[in-house]
Structure formats: structure tokens, C-alpha cells
Amino acid sequence: MIDSSAIAKALSGIAAHTATASEELCSADGALGDGDLGITVSKGFAEAAETELPDDVGMALFAAAKAFQRVSSSSYGTLLATGFMAAAKLEKGKTEIAPDDIPVLVAAARDAMMARGKGNLGDKTVLDSLDAIAEALEGATPETMVDTAITAAGDAVEQFRNQPNRLGRARMFGEKSIGLADPGQLAFLRIVEGLKHG
Amino acid sequence: MKKILNNPADYVDEMLEGMVAAHPETYAQPVRRVIARAAGAKKGKVGIVTGGGSGHLPIFTGYVGTGLLDACAIGDVFASPSAEQMAEAIRLADGGAGVLRLYGNYGGDVMNFDMAGEMAEMEHDIRTTTVLLTDDVVSAPKEEAEKRRGVAGMVYAFKIAGAAAERGGDLDEVTRIARKTADACRSIGMALTPCTIPQAGKPTFEIGEAEMEMGMGIHGEPGIWRDAIKPADEIAEEMLERLMADQPLAKGDRISILVNSLGATPAEELYILYRHAKQKLDALGVEIVMPLVGRYATSMEMTGATITVIKLDEELETLLKAPADCAFWRV
């Protein structure tokens, strides 16, 4: 059952796991950007995990989005908060997230993040991770969803590794980005893995 | 860096504290880095909020006041405020009739303000609309006018939309008028020397002792040419020509014009620019209404000026002349 306390537990798990991965993410980001992605992500989830969540799961996701954005207003931070917010809007007024809703929520997050970041699928960004997860979750049983999402997020990193970045600061590196994991996709893999640590 | 400050990290907060302390009848800071009218939101009136980085006074926070803005979120020097601060500004501006977000077109501000709108709707059921200023004609070609940056045209937008809200227009009406104002504004800047962001400690760009740059943006964004400084009349001539190439002016048109200092340029030099602008517009048979000459939208201690022209119709002119009051400007 995914109620507000399950969301809190998931956020703690992600906060712990991304804190461990912080250095790895910073160095991946340092190769293509300003090298603070690990801090952005781990700080954002730490703040969200410490926030008291209301019983309304929509408002709980909203509180997480706000907390995340408060400490992490880089573009990646704002995009993740946008994703949380899109899901929050759909769940407002409920006390539990139905498993069937999950692929829908991931897809809604993906669409809202695409609109805000003005990005397209295939640009080698976190949007591709969300898209891969939304697709993989279609028809997955509730028990297998976390593993399915982790596999999809990991596959996205590998699938895009040998393509150039086409959006954001990493785009400036063009051909040099070929062979490197996209830092945003890698961060999202660590985030999804964090669900197992909750 | 040579600046009057205590600690660069405290620059913005100490500035806001001083501003509110100096003008308590006008400004209040109910939430850190959110300036609102001292009297609070007016019940039943459409709220108008803006936001952006510090370093441009009187823009942004200075124009909170009667007949102008209701609230403003303010970030570090030249940096966007957070979405949460912007959402707080929306909440503080709301008198129950919805809120217009009226600000300049900069990527970070847009992302955060859109997010803030969603937050205010989710948490407080406040309806919001957006109008962006895109008045800097050299920042993108006419075909991509929606990509242009917003500069001193904001002053006219705050004034005219503020008057529309004050006289009781509903959210759609205030939004329509703000949109119309933004569409009627054209601006261009030029600079002689850079400014220094306190936390960066060094100038935003370098320029030769005898050089000027035409078309430079309000944060030192590159302009269109850099060369030996020209006489004032030639500078004013070129600026007006570029504005009129984008929005033609003809005999009988009524406009207002803002000759604005980027910070360090003295009023004396602004009047020398205005003198030529007035001669040129007179010769064309263009009528100037309520000319503004002074420091309205600055870039810290940058030396330079901007010229903004707004083409008026009867509706905009009436609203431009309506009463307004803040610590920096009275109409």
C-alpha cells in the first residue's frame, strides 16, 4: 500500500542511496557540466525526506516537490520537482496511490518535465529515463515494479551512452559526450535504486 | 572590488532590510526575500507580482506600491528567486481575484515562476496568468521576438497594468492590458563600463577606456557592436533608429519615452540623450507623453543608458497617467 508514510520511507531510502552515490554523480557531471549534480540530488532528497508529509498523497508529493526545489534550484532540481508536482496534481485528494496509477504518474511527470525543460526524447537526458520506465511499467505487477523500473533506468543509461548529448550544458561537449553516461540519467538510476533502500 | 558592503553574502538581505526600514509606509517583507505592500493585499483587487534578481533597483522590488505591484520575489544579485519565494509572493498578492505574473523573459525566472504558479494553484487555489516582457530589440531578431529579453519596458508594464488592476479590472482584463503594454514597448541599451556582482568580486565584462558597446543587455549580455565612444547625439540617433526599425513611428503617433541610467550614468548625461531624442521625434511629428528621465532600471554601477519607447493609444495613455505611488516614483 502506497500511503503517505510509504512515500516518506521511499524518500529516506532515496536520500540515503543518493548520498552514497553523490561523489560518483558529481564526477560524472564534472566531465560534462559543473560537477555539482550529486550534491543537487542528494541535498534535494535529504530535504524532502526530512519534511513532514500530510496524509493526502497528492499533497505529500507536493510537499516533497517544494522541499526539493527549495534547496536545489538548479535546472535538474527544478525538473525533478516539476515531475513530482505533475504526479501530485493527479493524486490530490487521495490517501493512497493505486499501483495501476504508477505508470500514468511517471508518464505525467515525463510530459510535464519535457514541457518545462523544452526537451525532446532522444536528447540523452533524464527524460529518456522516465520514458523508458513509464513504458516498462505498463502491465507490470505491483511486486515487480521497482525491479522493472531499475532495469529500465539502467538500460536507458547504456542505450544512450554511445550517443551525443543534445540538450543543456552537456550538449556543448558534442562528440566528446559519446561514450560517457549521461549524468542526469545516471542520477535517475540511483534515485530509482533508492526505492529498494526504503 | 570597491563597494559599500559588510559581507558579500549579506548584500541582498541587508539591502532589503534597509529599504523596508526606510519606507515602512510602502514596503513590508513578510517572508524572507519577498517584498509586499505594507498595507497587504487589497480585497477583491487583481494582484500583480513580479520577480527577478537583485541589482536593478528600482526594478523589481522598488515598484511595489499603490497603482503598481502588489508583491515581488527577489533573488541574489542577477539570480532568479526560488519558485517557493515566487509562490509566496503570489499568495501575498492575492486579494481573491487572481494574480498576474508580470516579469522579464529570462530562462531561470520563467521556469521558477511557472512552477510557482502551479504551487499557488495547488496549495491556495489561486488562479494566475503570465505576461512576459520581451522589449530588448537587439536580443533576438523580430521573427523571434518572443525570445527577446525583458528590460526597462517593465517599468511601463508595472505602471499601466498596475493602474488597470487598481481601477478594478478583472484578471482577464488586467492580463489583456499587460499583454498590450508589453507588445507596445521597445528598448535598447548601451554601456561604457561594467558592474561587479558582490559575490563574484570581479567585473561582468571588460571594455577599453575609450570604448562603448551598443545593444548591451542589462546584465552585460553582449551587444551588437563595440567601438570608440561616439558623441551623445549620434548615440541617441542610432538607438532611436533601431527602435523605430522594429516599431515604426509616424506623424501623429503618441508615445512615452524612458531614458534610463544603468546605474552610474548621471542625470545630466541622460538629459543630453533626451534632448536629441526630443528633437528627432518632434521633427517626425511624434507626440511625447509623460517622458521619464532617470534611474528606473539599473545594472548596479554600470555606466550606460537604455531608451524605451512605448506606443500609446487612449487606453494605455489614461492608465499611464493614473496615480501611482512607491518610494522611487510618484505619478
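The values are calculated or read from the model by the stated rules, or taken from the named source; none is laboratory data. Predicted model only: the values in this text are computed from it and were never measured. All Cβ positions, glycine included, derive from the backbone under ideal geometry; neighbour counts span all protein chains shown. Side chains are part of the model used for accessible areas, which takes the heavy atoms of the whole protein and leaves out ligands, DNA and RNA. Shrake-Rupley method; radii C 1.70, N 1.55, O 1.52, S 1.80 Å.
Report the relative contact order of chain B, percent, no decimals, based on alpha-carbon pairs under 8 angstrom and at least 6 residues apart. If you can, show how the numbers build up before the last one.
Working: 778 pairs, mean separation 59.5, N = 331.
Reported as a whole number, the value is 18 percent.
Tell me, what HN-Hα J-couplings in whole Hz come from the Karplus equation 6.51 cos²θ - 1.76 cosθ + 1.60 at θ = phi - 60° for each residue of segment B:255-265, using x for Gly and Pro?
Taking θ as phi minus 60°, the curve returns 9, 10, 10, 10, 9, 10, 8, 6, x, 8, 5 Hz for segment B:255-265.
So, with a 1.4 angstrom probe, what is the percent of accessible area on segment B:185-313 that is carbon and sulfur?
Numbers: 2870 of 5360 Å².
Roughly 54 percent, rounded to a whole number.
Which aspartates and glutamates, on any chain, are close to A:Lys94 with Cα under 14 Å apart, when same-chain ones fewer than 8 places away are left out?
A:Asp3, A:Asp55, A:Asp56
Please give the helix A:37-50 orientation as an angle from the longest Cα principal axis of chain A, in degrees from 0 to 90, rounded to the nearest 10.
So the helix axis and the longest Cα principal axis differ by about 10 degrees.
Quote the Stokes-Einstein diffusion coefficient, in whole µm² s⁻¹, for the protein assembly as shown, based on the Kirkwood radius over alpha carbon pairs, a temperature of 37 °C and a viscosity of 0.692 mPa s.
Estimated via Stokes-Einstein, D reaches 133 µm²/s.
Do the alpha carbons of any pairs in A:Lys9/A:Lys124; B:Lys159/B:Lys311; B:Lys142/B:Lys321; B:Lys142/B:Lys278 sit beyond 18 Å of each other, and which pairs?
Details: A:Lys9/A:Lys124 30 Å; B:Lys159/B:Lys311 14 Å; B:Lys142/B:Lys321 29 Å; B:Lys142/B:Lys278 26 Å.
Those over the limit are A:Lys9/A:Lys124; B:Lys142/B:Lys321; B:Lys142/B:Lys278.
For chain B, what is the percent of antiparallel DSSP beta bridges, rounded to the nearest 5?
Numbers: 32 of 54 bridges.
Bridges in chain B are about 60 percent antiparallel.
Which of the GluC sites (Glu not before Pro) found in segment A:109-146 are in a DSSP loop and have at most 13 neighbouring Cβ atoms, other than their own, within 10 Å?
Numbers: sites: A:Glu135, A:Glu138, A:Glu143; in loops: A:Glu138.
The qualifying sites are A:Glu138.
Can you work out the Karplus-derived ³J(HN,Hα) for every residue in segment B:81-86? Use 6.51 cos²θ - 1.76 cosθ + 1.60 with θ = phi - 60°, whole Hz, and x for glycine or proline.
Once rounded to whole Hz, the list reads x, 7, 4, 5, 5, 5.
Pick from B:Ala38, B:Ala200, B:Ala116: which is most flexible by mean-square fluctuation in a GNM of chain B where alpha carbon atoms under 10 Å apart are linked?
Largest GNM mean-square fluctuation: B:Ala200.
Could you work out which residue, out of B:Pro198, B:Pro266, B:Pro248, moves most in a Gaussian network model of chain B, that is, has the largest mean-square fluctuation with Cα springs under 10 Å?
Highest fluctuation of the listed residues: B:Pro248.
So what's the gap between the Cα centers of segment B:265-331 and segment A:122-189, to the nearest angstrom?
Taking the Cα centre of segment A:122-189 as reference, the centre of segment B:265-331 is 52 Å away.
Based on DSSP, what percent of beta bridges with both residues in the protein assembly as shown are antiparallel, to the nearest 5? Can you show the working numbers first?
Details: 33 of 55 bridges.
Expressed as a percentage, antiparallel bridges in the protein assembly as shown total about 60.
For a protection proxy built on the mean count of beta-carbon atoms within 10 angstrom, sort B:19-30, B:67-78, B:146-157 highest first, please.
Answer by packing, highest mean first, reads B:67-78, B:146-157, B:19-30.
At what distance in angstrom do the alpha carbon centres of segment A:32-109 and segment B:134-164 lie from each other?
That distance is 33 Å.
Could you work out, for chain A, what percent of all Cα-Cα pairs fall into each 10 Å distance bin, beginning at 0 Å and stopping at the bin that holds the largest distance?
10, 38, 39, 11, 1
Antiparallel versus total DSSP beta bridges in segment B:244-314: what percent is that, nearest 5?
Numbers: 8 of 14 bridges.
Percent antiparallel among DSSP bridges in segment B:244-314 is about 55.
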